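Contents: one structure, followed by commentary.
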Amino acid sequence: MAQTIMVIDDEAEILDMLKCYFSLEGYHVITAAGGKEALQKLEKQPDIILLDINMPDIDGLSLCKSIRDFVSCPILFLTANTEDSDKIKGFGAGGDDYIVKPFSIGELGARVSAHLRRENRSKTKSRVLFDEELIIDYLERAVYWNEIKIPLLKKEFDIVEVLSQNPGQVFDKEQLYEAAWGLDGLGNNTVVAEHIRKIRAKFTTAGAKQYIETVWGVGYKWEKPSID
């Protein structure tokens, strides 16, 4: 069965171009000319969403925040904003990737394919007990400390997933971006560091120990489990 892409943009030319391209690539494409129309079509449960940030009715950041609690699929922002602060806002809103306009249609297609492959792989994972307090459920995509769920956003969980499945292995920021985002050479050190900071803050709020260790001058690693 063809996977479904939802494209949300107020520019008719972009909607038509992306619908044509992804339809030829074998996807089922749903388009929405703004946030309000998108909200009406989300019941079709897309496998991935391409979301413009600058829209007149509901901006993309606000829309992403409002739907993230009940939409688990990847959300890729399309925007002309290029500053690191704008990217951090996008990821903080629950986005999974950030595509700068004007973009290469081939690169966009590769990013979409990589995110969908990663989604398919994550569905095969299972529940893992790391120690007496910490449980990571890879199928549910949830982390629990003393049976209380730690509220991680999607990309925050992706980073936890990569590190926790390779305990003791050191990832530099570029490798971690490649592993979590699924694309080589397109990483952003500021974005990775900001996600790590938010993960640690949420673990602290939950009263959990910190499993992500900083290897100064190199990157990050997950503490090896202490199960006998």
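The values are calculated or read from the model by the stated rules, or taken from the named source; none is laboratory data. Keep in mind it's a predicted model, so treat the numbers as computed, not measured. FYI the Cβ positions are ideal-geometry reconstructions off the backbone, even for glycines, and counts take in every protein chain you see. Side chains included, ligands, DNA and RNA excluded: accessible areas come from the protein's heavy atoms. Shrake-Rupley method; radii C 1.70, N 1.55, O 1.52, S 1.80 Å.
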Out of all the residues in the stretch 6-29, which are more than 20 Å from residue 62 (Cα to Cα) and among the β-branched types (Val, Ile, Thr)? 14, 29
Taking residue 65 as meeting all but one of (1) modelled with pLDDT of 85 or more; (2) over 19 Å from the mean Cα position of the chain (by Cα); (3) assigned to a helix (DSSP H, G or I), write down the number of the exception. (2)
Inside the stretch 35-52, can you point out the residues that are part of a loop (DSSP other than H, G, I, E, B) and at pLDDT below 90? 45
Can you tell me which residue is nearest to residue 109 (Cα to Cα) among those in the stretch 1-34 that are acidic (Asp, Glu) and assigned to a helix (DSSP H, G or I)? 16
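Go through the stretch 142-161 and report how many residues are of a type outside the set (A, V, I, L, M) and either surrounded by fewer than 15 Cβ atoms within 10 Å (Cβ to Cβ) or at pLDDT below 85 (or both).
Residues meeting the conditions: 6.
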Where the second residue is open to solvent by less than 30 Å² (accessible area, probe 1.4 Å) and not aliphatic (A, V, I, L, M) and the first is under 16 Å from residue 128 (Cα atoms) and assigned to a loop (DSSP other than H, G, I, E, B) and lies in the stretch 150-177, which pairs have Cβ atoms under 9 Å and are six or more apart or on separate chains? 165/138; 165/222; 166/222; 167/130; 167/211; 167/222
